[in-house]
Amino acid sequence: MRAEVNRSPPVFTIEGSKVPANGLVADPESKSYTFDEVIDIIGFGRTTWHIFIASSVIMMAVLNETMGISIVIPAAQCDLQLSATDKGLLTGVSFAGIIVSSHFWGYIADTKGRRRTLIVSLLLTAVCALVSGLSVNYGMMVVMRFLVGVFISAPSATIFAYLGEFFKTASRTLVITYASVAVGLSAVFTATTGWYVLSFTWSLAIPGTELVLKPWRVLFFVYTLPTLIGACWLMMLPESPKFYLSRGRESEAFAVLLRLYLENHPHATVEDFPVKHITPEPGQKDRSSTIPKGSSGWRHVASSVWNQTVPLFQRPNLVNFTICCVVQFGLFVVSAGMGLWFPDIINRLTASNVLDATVCEALDVSMQTDFAVDELEETIQIVEGVCVDTINERVFMYAITLGGLYTVLYLAMSVLMRLLGRKCLVAFNLFFSGIAGLALQFVDHPYVTMALFCSFLVFAGTSISILNGATVSFFPTNVRAMAVCLSLMMGRLGSVFGSNLVGLIMEDNCTLTFNLFACGSIICAILTLMLPS
């Protein structure tokens, strides 16, 4: 019988080489630390705060670029001669850009680096967003907003991987949830600045061009400020050390960890940093030996993308990845798909002047009234030839209210997560969202209806960031950004599917619409319980 061989895992050393599996060293400095233990040693200090705040600003930038257009379009409709179909396309074209480019950016972030990917994509997003503010016709605006979606796709997912990899596994989801408060602040920011900027009526013609500067063009520049700030801030911050380790670049990873330690402990010296060896995470391979040398061309790129994607569809990742994609799809169907119709539905409810009626009864009355009013308004506009580009103040008020609710709920989720855990918290949110959606059909008090409608959307929406934080923890570093990008791509598809579904069936069968969306939340809640704790 052969003697049992000691198979202790290899460790990464500060010199960038590996200690042999049977190489036992008595010196205390040879102790191998897990990455979570290294993060505990580094602590939370000045640089970690910079990473956290910069990541929050980038999350805010993503929402500004994708959702801010819904405030700009009504103010630009006369100058760009936009029809109702044109406005609908402009609202969704950024999501189309995100969907088609998600796989590419996931590959780039996992192979070229989180920080580099974020900086390049944010700068390209800012350029396209600024150019879109100078659009002189509808075609130019569509192309530039599509490119904004293509480039903002990278930070929309990669920022979760980047931020999470500076914190230990147990804290990642909590930290990402705290940072996601920026999502609510973004809604408040876009509505508040839009309300202020669009209150002006000045115009400035640029000599020798067709361009006329107006407040709605300035609003594009205002919305792009967080994008530029985030890109510039990242230039002063380090790359994710976990990314370096996953690519076999141990010396660079140790340099980042040492920098974090010294900057978080101002009075410490290099000799005070006790870490000399790091144990790789389970399933992590030394990628320095697997990266082909001197390979190039489309065949190599295609092979590399394939190898980067396949692990997500193999055990042990397959089940978790499938559940994350399905739940992400459901979350976006409810929060974004139905959420895009929130101002219109609330506007109809308040304009219907129907007392003691459920939401569907009030919507039926409103739709019948609107049909007659629309015919009259269309006749008046044809006769007078007047284009109206003013925005009802209620639109800003609704957006600010929703943003405030998101902000408060994200803060509450951060506290509740410590008590319930992320899996139970997401399941609770989705069950509550589903019950609120079902109850909407039976409540006839206007204030209770408003509260249930907001709960229906917000409890599903806040679960998106919690699930993103969990996704960062479920998958190994070398495929983490790809997992987040592809799951969010499914989410964006969900938002397109949900918004179109509302448009198709809401008028014909309001009850069926709310039943479908509410049951979707409950099904996602059940699926969430199948994920690891």
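The values are calculated or read from the model by the stated rules, or taken from the named source; none is laboratory data. On a predicted model such as this, the values are computed, not experimentally measured, just so you know. With ideal geometry, Cβ positions are generated from the backbone for all residues, glycine too; neighbour counts draw on all protein chains shown. All accessible areas refer to the heavy atoms of the entire protein, side chains included, with ligands and DNA or RNA removed. Shrake-Rupley method; radii C 1.70, N 1.55, O 1.52, S 1.80 Å.
At-a-glance table
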item	result
Estimated inter-spin distance, residue 210 and residue 143, nm [label 7 Å along Cα→Cβ]	1.2 nm
Percent RCO, i.e. relative contact order, over the range 31-281, from Cα pairs under 8 Å lying at least 6 residues apart	36 percent
HN-Hα J in Hz across the range 140-151 - Karplus 6.51, -1.76, 1.60, θ = phi - 60°, x for Gly and Pro	5, 5, 4, 4, 5, 6, 5, 5, 4, x, 4, 7
The range 31-281: Rg to Rh, with Rh as the Kirkwood radius over Cα pairs	1.07
Theoretical FRET efficiency, 1/(1+(r/R0)^6), r = Cβ-Cβ of residue 203 and residue 96, R0 41 Å, to 0.05	0.85
Nitroxide proxy distance, nm - points 7 Å out along Cα→Cβ at residue 81 and residue 34	6.5 nm
Amide H partners (placed H, <5 Å) of residue 213, local residues excluded	204, 205, 206
Sulfur and carbon atoms: percent of accessible area, the range 33-94 [1.4 Å]	62 percent
Residue (of 125, 234, 174) at the positive-pole extreme of the range 31-281, dipole from beta-carbon charges	125
Entries in 112/168; 87/112; 242/423 that, when Cα-Cα distance is taken, lie over 30 Å	87/112
Gained length - residue 412 relative to residue 315, 0.36 nm times residue gap less alpha-carbon distance	31.4 nm
Extension gain, residue 512 back to residue 46 (0.36 nm per residue minus Cα-Cα distance, nm)	162.6 nm
